[in-house]
Each structure stands twice: as structure tokens, then as C-alpha cells.
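Enquirer: The structure is given below, and queries will be raised subsequently.
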Amino acid sequence: MTENSKAPFPLTEIWHLNNRINLKLLDALSDEQLASTIAPRGKPITSYFAHIHMARFYWLQRRAPELAKRVTKLSSKAATRAALRQALLNSGDAMGELFTEAEKTGQMKGISSKLGPVGFLAYSVNHEGHHRGQILLHLKITKLPLDRTTSYSLWYWNKI
């Protein structure tokens, strides 16, 4: 699914919106911001994006192994902007397919009937939103904050 297309199902549409927000944030960061660390030997901003991708990879392995085969692992140490962007696109599309199938069947492997696909979507989006917040805080601490306009634009969901 392309970044700007609309998914046919509400859960899938929300999932892809979440992924576009991640991509918008990644695209807005300078190389200096992406490489910044809080501590001298700390993790750079790129590690947060790599973690988001790898969490998706592991979720897919447990819930849809056939989709996980289309997503490659990504080392946070060797992650370039281009590699991160492509990884987020690939894992985002695979997760979108997972949610589309869940909307058709009402079920998702590895998810309790109490939680269900909607609960897993909420969990997944919250997980990624948490890391976006960490990225923004990380940037403030390193005195390389995201500009205010871009920061606010992450909340203009009808335009993303």
C-alpha cells in the first residue's frame, strides 16, 4: 500500500495512518538529529525507528509467519535513513495486511478473544506512539528539537 492511499478497512486505515506519522517524523529529521545520542555511548535516534520495525517483525513472526518472511531484520547499528524508511514501509505494509485479514475474520493468531484485533491495534499504535514521544524528548535533551511546526503537524492526521 502506498503512503497516501486509503485502506478498505477501518483498522487497516488507522494502522497505515500510524505508519505515515512515523515516516513523516523520520523524513523531518536531519542527519545530525538521527545520529544524536543522549549519552556519549548512548543509542542514536535511529535505534528507536529500528526498534519499531523489529517489534513489527516479531509480531508478524508470531501472528502471520508468511508475512514475516517478506520483512527483513534490521540492525539498529547499521540503519541508514533509507534503510529505516524502506523497513518501515515494508513492515507497515505487512502489518496492514495482518489487520486487513483480522478485519475480515474477526480474529488474529496469538491474540486473546478478549483483546481481539482492535485491542492489538491499540497496543501496536500506543507502542509506536510511545517511541515517537521518546524521540521528541531525546531531541529536546540533546538540544536538537524538532521544529515546532513539524512537531505539531504530526497531530494533523487528516493531512497525513
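The values are calculated or read from the model by the stated rules, or taken from the named source; none is laboratory data. Values in this document were obtained by computation on a predicted structure and should not be read as measured data. Note: ideal-geometry Cβ built from the backbone for every residue, glycine included; neighbour counts use all protein chains shown.
Enquirer: Looking only at region 80-92, count every residue that is surrounded by fewer than 22 Cβ atoms within 10 Å (Cβ to Cβ) and touching a helix residue (DSSP H, G or I) at 6+ places or on another chain (Cβ under 7 Å) and tell me the total.
Expert: So the answer is 2.
To keep it simple, each residue is scored yes or no on (1) closer than 30 Å to Gln107 by Cα; (2) among the hydroxyl-bearing types (Ser, Thr, Tyr).
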site	(1), (2)
Glu13	yes, no
Leu25	no, no
Ser30	no, yes
Ala39	no, no
Ala68	yes, no
Ala79	no, no
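Enquirer: If you don't mind, another one. Can you tell me which residue in region 25-54 is nearest to Trp155 (Cα to Cα), limited to those that are in a helix (DSSP H, G or I) and among the hydroxyl-bearing types (Ser, Thr, Tyr)?
Expert: Tyr48
Enquirer: Right, another one. For region 98-119, give me the residue count where each residue is farther than 16 Å from Arg20 by Cβ and not in a loop (DSSP other than H, G, I, E, B).
Expert: 11
Enquirer: Specify the residue that is modelled with the highest pLDDT; the eligible residues are those in region 1-12 that are in contact with a Phe, Trp or Tyr (Cβ under 9 Å, 6 or more places away or on another chain) and of a type outside the set (Val, Ile, Thr).
Expert: Leu11
Enquirer: Follow-up. Cβ contacts < 8 Å: first residue in a helix (DSSP H, G or I), restricted to region 142-156; second residue loosely packed, with under 10 Cβ neighbours inside 10 Å, any location; separation 6+ or different chain. Result?
Expert: Correct list of pairs: Ser153/Lys159.
Enquirer: Say we look at region 41-79 and pick out the residues that are touching a residue at least 40 places away in the same chain (Cβ under 8 Å) and farther than 14 Å from Asn22 by Cβ; which of these is surrounded by the fewest Cβ atoms within 10 Å (Cβ to Cβ)?
Expert: Arg62
Enquirer: Only residues in region 130-141 that are more than 12 Å from Pro44 (Cβ to Cβ) count as the first member; pair them with residues that are outside any helix (DSSP H, G or I) and β-branched (Val, Ile, Thr), Cβ under 9 angstrom, at least 6 apart or cross-chain, and list the lot.
Expert: Ile141/Ile38
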